[in-house]
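What follows is one structure encoded as structure tokens, with my remarks underneath.
The values are calculated or read from the model by the stated rules, or taken from the named source; none is laboratory data. Predicted model, so just to flag it, every value in this text is computed and none were measured. As a convention, Cβ positions derive from the backbone with ideal geometry for all residues, glycine included, and neighbour counts pool all protein chains shown. Only protein heavy atoms, including side chains, enter the accessible area calculation; ligands, DNA and RNA are left aside. Shrake-Rupley method; radii C 1.70, N 1.55, O 1.52, S 1.80 Å.
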Number of protein chains: 2
Amino acid sequence: MPSAYSKSGVNLKLAHSVKSNLPALLRKASRPEVLGKIGAFGGLFRATFKGMKDPVLVSSMDGVGTKLRVAVEMGRHDTVGQDLINHCCNDIAVMGAEPLFFLDYIGTGKLEKPVFDGIVRGLAQACGEANVALVGGETAQMPGFYGPGDYDLVGTIVGVVDRKQILDGSRVRAGDVVIGLASTGLHTNGYSLARKVLFDQAKLKARSKVPELGRESVGNLLLKVHRNYTPFLKKLRSKKIEVHGVSHITGGGFEENVPRVLPRGVGIQIKRGSWKVPPIFQFIQKRGKISEAEMFRVFNMGIGMVLMVPRRSADRILKEAKKAKLGAFEIGRVVRGESKATLI
Amino acid sequence: MPSAYSKSGVNLKLAHSVKSNLPALLRKASRPEVLGKIGAFGGLFRATFKGMKDPVLVSSMDGVGTKLRVAVEMGRHDTVGQDLINHCCNDIAVMGAEPLFFLDYIGTGKLEKPVFDGIVRGLAQACGEANVALVGGETAQMPGFYGPGDYDLVGTIVGVVDRKQILDGSRVRAGDVVIGLASTGLHTNGYSLARKVLFDQAKLKARSKVPELGRESVGNLLLKVHRNYTPFLKKLRSKKIEVHGVSHITGGGFEENVPRVLPRGVGIQIKRGSWKVPPIFQFIQKRGKISEAEMFRVFNMGIGMVLMVPRRSADRILKEAKKAKLGAFEIGRVVRGESKATLI
């Protein structure tokens, strides 16, 4: 006989069976500092930061946004977890931090095991690649809060940086070169607008293919995994290539994200045409009849991370990027003036 | 003219204006270890844990669940943030940890400033009371994911404990006394079932009053803030009163939460009638025709935290609870046997 609780929409047994694969899935998402076991009330991580004089924890919390809806429409759930981990890693990497551990939250109406497994597989894969331990999580069954098949996916990353190494942009100065690192696609921003244009206005389906966009379906293009720039930034640090400021280009584009790391009295000028805006953005702009200004406010336009660096670092960074097979472009300059990003 | 993005349901300007009160609201939710400023990509917290030999970070992530729906129905949003902070503090306090910092996530269809302010006010108040710094947060506008007025509220807490002081229940042994600490109400579990019984079956409204439940409305009773037991546990530590294991009674009740901290070969017996089950639970049970077993599986039944302690600690703990005006009852014993909780 079904319990009263399951009739109210919450199935405790299902919650257990859904989690049965967790230990196997999480094996590669660990680190030696992790103590304790899965299922404890809290995740345990030893805070012995060898070689650091004044360790500072750097943390960030984020979600995947409406990119999740594309995953639901494609029935493909193993990429969004990677998006989340990589996005969070980037958010603390721009402050100079090394990521350590992560916790995730899945909110959903009705738990489905294949979906849950897919999400966790993605989380575990990206954790493994980024050397991040997945130390905790919560799966909430919230009947009536989410539409059928929908879920929200949220996570928190904690990393560490030695205080003197914190990158807060205060070293950015007029004359610095602005280097843009290529994104893989929309990353995790602008999906409400992209979906409106592509699916509502242009009447495409997630599985549609469009000549301008090449051989991949629109859905797969939209699901391209958010790039994790942490290994590249770490490489620059290990080679002692000086970087003055780094900005993660997320919601709000250059306009909102670059000023977050600019000191008073300097802004940046971004030069149009200094990189090729990828076809997916051009297609959305054309089909949605969206102004260039708005495109740059909503989307990353092909640049997922921006580095403000002294002239002498610029060429070395471009060379390292080439070695790492990462697109990198000199896209502008730091100039005296208001603390904002301007397209020129 | 409205932008294409705002027509797709995401309003960047609103996001800014909604956050305009943040600095004022967060003033009391800080600690001296916090560096940096609001609006940075990551929250910064100095990890110098003086006096600790082997500091271990303890973290937990959780949501408020469908208690949020009651807040929406009551139009009262300043309690759910307190629920979240207190719940998270408890989850790491049971492992012996002191809470340090917190990050929050609000997912919503359309941002509304009074709602956002209410939520953050609750978060800040509970942070202030618990000496927790709110170092980061994310507010996601996800049109189409949440019903009108609905939102999800999720948070992550990070705390610290010296490795030798970690409470993992391994010290629990047969013969220990089980002490239950009073909850304030449902805390944050069982709301899907409670709402179904009270609002769907018994046809009550959130503002209804019921003689059996006293003078407060059903909605206000359901919104009672999740109690934070951390100060009490800290007090016991400071008085060197030995505690072998602690369990936070959340989703799954005694049955699921107590075994999380029991070593192999011991279980607990909970004695019916050793405390008074509060009227709200009795009312839900009667109106919903729910079995006692299921009530104990879904709800905390008046006990929000369970302590397994040596006999010599029991009376001292009851005395400390009395001083702290916290209900505390000897509710059972640790016995040899399967690692489970049994009602006797």
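Note the count of lysine pairs whose C-alpha atoms are less than 28 angstrom apart in the stretch B:146-228, limited to pairs 8 or more residues apart or on different chains.
Working: B:K196/B:K205; B:K196/B:K209; B:K196/B:K224; B:K203/B:K224; B:K205/B:K224; B:K209/B:K224.
So the count of such lysine pairs works out to 6.
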Q: Find the centroid of the Cα atoms in the stretch A:98-171 and in the stretch B:59-130, then give the distance between the two in whole Å.
A: 18 Å
**Q.** Neighbourhood net charge (13 Å Cβ-Cβ; Lys/Arg +1, Asp/Glu -1) for A:K340
**A.** +1
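Are there any trypsin sites (Lys or Arg not before Pro) in the stretch A:1-77 that are in a DSSP loop and have at most 11 other Cβ atoms within 10 Å? List them by number. Don't jump to the answer; show the numbers that get you there.
On the way: sites: A:K7, A:K13, A:K19, A:R27, A:K28, A:K37, A:R46, A:K50, A:K53, A:K67, A:R69, A:R76; in loops: A:R27, A:K28, A:K37, A:K50, A:K53, A:R76.
When the trypsin sites (Lys or Arg not before Pro) of the stretch A:1-77 are filtered for loop state and at most 11 Cβ neighbours within 10 Å, A:R27, A:K37, A:K50, A:K53 remain.
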Q) How about A:K235: which aspartates and glutamates have a C-alpha closer than 14 Å to its C-alpha, ignoring those fewer than 8 places off in the same chain? A) A:E98, A:E320
**Q.** Magnitude of the charge dipole, the protein assembly as shown, Cβ model with Lys/Arg +1 and Asp/Glu -1, debye to 20
**A.** 720 debye
(Q) More than 34 angstrom separation, counting every C-alpha pair in the protein assembly as shown; what % is that? (A) 45 percent
Q) Taking springs between alpha-carbon atoms closer than 10 angstrom, which of A:G265, A:G65, A:G190 fluctuates most in the Gaussian network model of chain A? A) A:G265
Q) Based on DSSP, what percent of beta bridges with both residues in the stretch A:1-152 are antiparallel, to the nearest 5? A) 35 percent
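If you take the accessible area of A alone plus B alone and subtract the pair, what total do you get in square angstrom, rounded to 100, with a 1.4 Å probe?
On the way: alone 17060 and 17060 Å², together 27900 Å².
Using a 1.4 Å probe on protein heavy atoms, the buried area is about 6200 Å².
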Q.
If I build a Gaussian network model for chain A, linking alpha-carbon pairs within less than 10 angstrom, which residue out of A:V154, A:V277, A:V64 has the largest mean-square fluctuation?
A. A:V277
(Q) Of the candidates A:N228, A:N257, A:N11, which one comes out as most mobile in a Gaussian network treatment of chain A with C-alpha springs shorter than 10 Å? (A) A:N11
**Q.** Where chain A is the region considered: accessible area per residue in Å², 1.4 Å probe
**A.** 41 Å²
Q: Hand me the tally of lysine pairs in the stretch A:4-163: alpha carbons under 29 angstrom apart, and the pair either on different chains or 8 or more positions apart.
A: 22
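Just in the stretch B:159-265: which GluC sites (Glu not before Pro) are loop by DSSP and have at most 16 other Cβ atoms within 10 Å?
Details: sites: B:E212, B:E216, B:E242, B:E255, B:E256; in loops: B:E216, B:E242.
Passing both the DSSP loop test and the Cβ count: B:E216, B:E242.
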Q: Only bridges with both residues in the protein assembly as shown count here: give the DSSP antiparallel percent, nearest 5.
A: 80 percent
Q) Rule-of-thumb check for chain A: C-alpha Rg over 2.2 N^0.38 Å? A) 1.04
Q: Please give the FRET efficiency for A:K325 paired with A:K28, using the beta carbon to beta carbon distance and R0 = 22 Å, rounded to the nearest 0.05.
A: 0.40
**Q.** Residues B:K203 and B:K340, FRET efficiency given R0 of 25 Å [Cβ-Cβ distance, rounded to 0.05]
**A.** 0.10
**Q.** Radius 11 Å from Cβ of B:R195, net charge of other residues (Lys, Arg +1; Asp, Glu -1)
**A.** +1
Q. Hey, which residue of A has the C-beta nearest the axis mapping A onto B, and what's the distance in Å?
A. A:T156, 2
**Q.** Sparse-neighbourhood loop sites, GluC sites (Glu not before Pro) in the stretch B:288-341 - DSSP loop, at most 13 other Cβ within 10 angstrom
**A.** B:E338
**Q.** Rg and Dmax [Cα atoms of the stretch B:4-163; Å; Rg one decimal, Dmax integer]
**A.** 16.3, 56
